[in-house]
Amino acid sequence: MVEVFKTNVQHKDVACQVIEELNSHLPSSHINFDLSDCDCILRIEHGKNITEKVYHVFEKLGHYCEILTD
């Protein structure tokens, strides 16, 4: 399952910090940002529903995200 999020992360160093934190909570996930997209997209491939964990990490780090649906 791939979850796609719109975020307010605009800089590579912040994206790296978010990915590092997400990896500690979701170690078997594949995580990447597309900062060139106007929505600063975060994609996470994982076997479970991880939306609440992602929201928690973003809130903890002081950033915003919202899940994008089809």
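What follows draws every value from the coordinates through simple rules; no lab data is involved. Worth saying up front: this structure is predicted, and the values here are computed from it rather than measured. A quick note on method: Cβ atoms are made from the backbone with ideal geometry, for glycine too, and the neighbour counts reach across all protein chains shown.
In table form, for the structure just shown:
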item: Number of the condition not met by GLU3 [criteria: (1) among the charged types (D, E, K, R); (2) touching a strand residue (DSSP E or B) at 6+ places or on another chain (Cβ under 8 Å); (3) part of a loop (DSSP other than H, G, I, E, B)]; result: (3)
item: Residue tally, condition polar (S, T, N, Q) and in contact with a helix residue (DSSP H, G or I) (Cβ under 9 Å, 6 or more places away or on another chain), over the range 25-45; result: 2
item: Residues within the range 6-18 that are assigned to a helix (DSSP H, G or I), surrounded by 15 or more Cβ atoms within 10 Å (Cβ to Cβ) and in contact (Cβ under 8 Å) with a residue 40 or more places away in the chain, tallied; result: 2
item: Check on LEU68, of a type in the set (A, V, I, L, M) and in contact with a strand residue (DSSP E or B) (Cβ under 6 Å, 6 or more places away or on another chain); result: yes
item: Scope the range 19-63; condition in contact (Cβ under 8 Å) with a residue 40 or more places away in the chain, in contact with a strand residue (DSSP E or B) (Cβ under 9 Å, 6 or more places away or on another chain) and either loosely packed, with under 11 Cβ neighbours inside 10 Å or more than 15 Å from VAL4 (Cβ to Cβ) (or both); matching residues; result: ASN49, HIS63
